[in-house]
1. Take the conditions open to solvent by less than 90 Å² (accessible area, probe 1.4 Å) and at pLDDT 95 or above and apply them to N82. Does it pass?
2. With I83, I72 as the choices, which residue is more than 22 Å from G13 (Cβ to Cβ) and in contact (Cβ under 8 Å) with a residue 40 or more places away in the chain?
3. Note down all Cβ pairs under 7 Å where the first residue falls in the range 88-113 and is without any contact (Cβ under 8 Å) to a residue 12 or more places away in the chain, the second is open to solvent by less than 60 Å² (accessible area, probe 1.4 Å) and not in a helix (DSSP H, G or I), and they're at least six residues apart or on different chains.
4. If you go through the range 94-101 one residue at a time, do you hit one that is within 25 Å of I12 (Cβ to Cβ) and not in a helix (DSSP H, G or I)?
5. Could you give every pair whose Cβ atoms fall below 8 Å, whose first residue belongs to the range 18-29 and is in contact (Cβ under 8 Å) with a residue 24 or more places away in the chain, and whose second residue is open to solvent by 60 Å² or more (accessible area, probe 1.4 Å) and in a helix (DSSP H, G or I), counting only separations of at least 6 or pairs across chains?
6. Just wondering, is there one or more residues in the range 38-45 that are assigned to a helix (DSSP H, G or I), open to solvent by 50 Å² or more (accessible area, probe 1.4 Å) and over 23 Å from E145 (Cα atoms)?
7. Take K64 and tell me if it is outside any helix (DSSP H, G or I) and open to solvent by 80 Å² or more (accessible area, probe 1.4 Å).
8. Would you mind finding the one in F142, F104, F151, F132 that is of a type outside the set (G, A, S), open to solvent by 60 Å² or more (accessible area, probe 1.4 Å) and touching a helix residue (DSSP H, G or I) at 6+ places or on another chain (Cβ under 6 Å)?
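The values are calculated or read from the model by the stated rules, or taken from the named source; none is laboratory data. Fair warning: this is a prediction, and the values are worked out from it, not measured in the lab. Backbone-built Cβ (ideal geometry, glycine too); neighbour counts: all protein chains shown. All accessible areas refer to the heavy atoms of the entire protein, side chains included, with ligands and DNA or RNA removed. Shrake-Rupley method; radii C 1.70, N 1.55, O 1.52, S 1.80 Å.
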Amino acid sequence: MKDFLKKFELYIGSIFVSITIIVVIINVFTRYFLKFTYFWSEEVAVGCFVWTIFLGTAAAYREKGLIGVEAIIVLLPEKIRNIVEFLTYILLTVLSGLMCVFSFTYVMSSSKITAALELSYGYINFSIVISFALMTLYSIIFTIESLKKAFLHKTN
């Protein structure tokens, strides 16, 4: 259970990508061999794919796997580098928090529905809110870690 909670975005994302693959394979099979398609398959596949993308983004952020510019920062002395990292995480916390609020406002105010299933796009777009909420949480954790490293770290 502890492992699931540590990487739950990856597990849930893998469920969504599996659903996407299964739906697409079934739809291709029925289209070419049985000469019909399920009217809802594209919406389900796209919705699951969107969830996969945003959960994957949050997971990549947690692992610090997103692209970063470090060419100049690595040239700085360690103490200054730690302070710059701390300030960067504060900025990322604020930005991801704002994006979480803005995406939540967008999702709650949207009344658009899908064409085939007539479901609210809110079910799909809520993945954006969850992604930014997780990124905000991880940013807070990274900020605390970098605070300890930059200001509370004692040198021997």
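1. Spelling it out, it is not the case that N82 is open to solvent by less than 90 Å² (accessible area, probe 1.4 Å) and at pLDDT 95 or above.
2. When all the criteria are applied, what remains is I83.
3. Filtered contacts from the range 88-113: I113/S120.
4. no
5. Between residues of the range 18-29 that are in contact (Cβ under 8 Å) with a residue 24 or more places away in the chain and residues that are open to solvent by 60 Å² or more (accessible area, probe 1.4 Å) and in a helix (DSSP H, G or I), the close pairs are T20/F49.
6. yes
7. yes
8. Values: F142 fails: open to solvent by 60 Å² or more (accessible area, probe 1.4 Å); F151 fails: touching a helix residue (DSSP H, G or I) at 6+ places or on another chain (Cβ under 6 Å); F132 fails: open to solvent by 60 Å² or more (accessible area, probe 1.4 Å).
Just a single option satisfies the conditions, and that option is F104.
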